[in-house]
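Data first, discussion second: the structure below is written as structure tokens.
The values are calculated or read from the model by the stated rules, or taken from the named source; none is laboratory data. This one's a predicted model, so the numbers in the text were calculated from it and none came from an experiment. Cβ placement follows ideal geometry from the backbone for every residue including glycine, while neighbour counts extend to all protein chains displayed.
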């Protein structure tokens with residue numbers, strides 16, 4: 001998905017328009033993650049670029065999309081550009097080392113001291 005979304009359209013409330021753009025982006029991401037995965041892959045990942053225009057777009061994490069859109073609106077840009085490229089990914093299992101296990105065993109778990117509440 002490569003698209004330019006305007007912040008102002010004649011006859012539409014800017015806040016509702018912003019909500020519509022965010023919803024359209026989320027809807028696209030949900031639709032893409034429902035596609036069947038190729039063999040050997042675990043999940044769909046997104047490469048996200050966003051900016052005030054295509055040449056100024058920067059890479060961000062998909063969870064930062066709404067924050068970046070709000071930031072661009074606060075800077076009073078007339079529109080924003082977003083590019084979402086979906087790609088299959090494979091999960092990499094976390095490898096625990098002996099040092100990780102020793103560090104967890106050596107730190108005692110402290111339980112907070114709580115006193116009963118008096119009424």
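A residue that is in contact with a strand residue (DSSP E or B) (Cβ under 8 Å, 6 or more places away or on another chain), loosely packed, with under 11 Cβ neighbours inside 10 Å and either without any contact (Cβ under 8 Å) to a residue 40 or more places away in the chain or not in a strand (DSSP E or B) (or both) occurs somewhere in segment 28-38.
If I filter segment 42-50 for residues that are surrounded by 10 or more Cβ atoms within 10 Å (Cβ to Cβ), at pLDDT below 95, in a loop (DSSP other than H, G, I, E, B) and within 21 Å of the chain's Cα centre (by Cα), do I get at least one hit? For segment 42-50, residues surrounded by 10 or more Cβ atoms within 10 Å (Cβ to Cβ), at pLDDT below 95, in a loop (DSSP other than H, G, I, E, B) and within 21 Å of the chain's Cα centre (by Cα): present.
Results for (1) in a strand (DSSP E or B); (2) at pLDDT below 95; (3) closer than 30 Å to residue 22 by Cβ, shown as yes or no for each residue.
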{"residue": "66", "(1), (2), (3)": "no, no, yes"}
{"residue": "69", "(1), (2), (3)": "no, no, yes"}
{"residue": "82", "(1), (2), (3)": "yes, no, yes"}
{"residue": "91", "(1), (2), (3)": "no, yes, yes"}
{"residue": "94", "(1), (2), (3)": "no, yes, no"}
{"residue": "103", "(1), (2), (3)": "no, yes, no"}
{"residue": "109", "(1), (2), (3)": "no, yes, no"}
